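Have a look at the structure below before the remarks.
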């Protein structure tokens with residue numbers, strides 16, 4: 001007998017097969033705090049002990065139009081890291097340890113191997129972010145998504161002692177701003193990237209060089225393993241995840257009232273892909289700083305006395321870190337740049 005739901009475009013059996021294929025990767029993220037994961041109507045997570053005044057920090061995000069490039073390339077193994085990083089790095093910027101995550105996928109047609117590849121990437125990134133993937137949802141929506149298309153969303157929860165949360169009100173003039181290198185474009189500005197590299201050039205994905213393709217699909221970097229120990233030691237005053245809005249809009253979120261950031265634009269080298277995008281779009285410095293991360297994916301604000309220890313830790317653990325500038329009195333609460341942007345050739 002023909003399945004009426006399948007004829008309408010929804011294949012329950014394919015969905016069950018996808019869950020079966022991803023189960024091992026998801027289970028590998030789970031720990032003793034996970035009381036119930038996939039399979040129930042809700043996932044159960046026991047709060048860890050050791051917190052005096054535990055506060056839960058939540059976040060939700062997606063990957064954005066970078067997904068269109070993954071779809072065009074038919075490469076789905078790393079897009080899950082973009083999803084995890086966008087959420088987990090935000091939680092980290094509050095001073096919290098990520099605990100668990102749930103994902104949502106809306107897709108045209110459930111192809112079990114493809115769905116499992118995407119979710120396996122999410123699970124592997126969750127492991128790297130030291131959090132459990134405890135549940136999610138895959139919705140087959142052929143009337144909503146174009147053929148081969150899908151969208152992703154992630155929802156995560158972290159924990160911190162209330163007294164140890166990173167607080168912009170604790171930032172002082174004279175504090176030092178450190179920048180941790182990004183892995184590239186991360187997951188921001190891709191509507192403009194696609195316009196400049198594809199639409200304006202009358203090109204398709206296959207027309208791009210292999211190095212360009214690799215650059216555009218490089219996943220967003222996770223900063224949890226290297227930064228969280230510094231936060232737990234009390235060596236970080238505030239932090240900012242440099243996402244949409246770039247340094248100009250994200251760094252002020254880590255500053256208290258009447259404070260600004262003065263940055264030396266020569267203190268780090270901006271990857272060549274950003275220079276190329278700026279030239280193609282004839283973009284102003286302000287547009288570049290507001291649209292892209294320009295090679296800085298995460299910033300830390302630390303006391304001057306702690307700079308050496310923080311930089312030593314980050315360098316030892318493989319981070320490329322730069323002293324970007326310092327916090328200054330500023331009633332306008334803005335980021336100011338000294339010097340021209342330092343692009344790599």
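Rule-based calculations on the coordinates, nothing more; no lab input. Keep in mind it's a predicted model, so treat the numbers as computed, not measured. Cβ: placed from backbone, ideal geometry, glycine included. Neighbour counts: every protein chain shown.
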Item to complete: Please report how far the C-alpha centroid of the stretch 177-252 lies from that of the stretch 259-292, rounded to the nearest whole angstrom.
Response: 12
Practice prompt. Tally the DSSP beta bridges in the chain and give the antiparallel ones as a percent, rounded to 5.
Written response: 75
Item to complete: Name all residues of the stretch 204-234 having a backbone nitrogen under 11 Å from the label point set 7 Å from the Cα of residue 170 along its Cα→Cβ direction, giving them as ranges.
Response: 231-234
Worksheet item: Among 86-96, 314-324, what's the highest-first ranking by average C-beta atoms within 10 angstrom per residue?
Response: 86-96, 314-324
Fill in: Anisotropy class of the stretch 145-256 from Cα gyration tensor, a/c 1.5 cut
prolate
Worksheet item: What's the angle, to the nearest 10 degrees (0 to 90), between helix 272-281's Cα axis and the longest principal axis of the chain?
Response: 80
Worksheet item: For labels at residue 269 and residue 200 in the simple 7 Å Cα→Cβ model, what's the distance in nm?
Response: 2.5
Discussion item. For the chain, what does the helix formula give at 222 nm: sum of -39500 (n - 2.57) over DSSP H segments with n ≥ 4, over the residue count, nearest 500 deg cm²/dmol?
Written reply: -9500 deg cm²/dmol
Response to the item:
per DSSP, antiparallel bridges as share of beta bridges in the stretch 230-345, % nearest 5, sits at 65
Worksheet item: Given springs between every Cα pair under 10 Å in a Gaussian network model of the chain, which of 280, 68, 185 has the largest fluctuation?
Response: 280
Worksheet entry | residue 332-residue 285 pseudo-label distance in nm [points 7 Å out on the Cα-to-Cβ vector] | 1.3
Worksheet entry | Helix 112-128 vs. the chain, principal-axis angle (Cα, 0 to 90°, nearest 10) | 30
Item to complete: Take every Cα-Cα distance within the stretch 90-216, group them into 5 Å bins from 0 onward, and report for each bin the whole-number percent of pairs it holds.
Response: 2, 8, 12, 13, 16, 17, 13, 9, 6, 3, 1, 0
Worksheet entry | Degrees, to the nearest 10: 79-93 long Cα axis against longest axis of the chain | 40
Worksheet entry | Computed Rg/Rh of the chain, alpha carbon atoms with Kirkwood Rh | 1.00
Practice prompt. Run the quick spin-label model on residue 249 and residue 47: label points 7 Å from Cα toward the beta carbon, then report their separation in nm to one decimal.
Written response: 3.4
Worksheet item: So for the stretch 26-119, what percent of the C-alpha to C-alpha distances run longer than 22 Å?
Response: 40
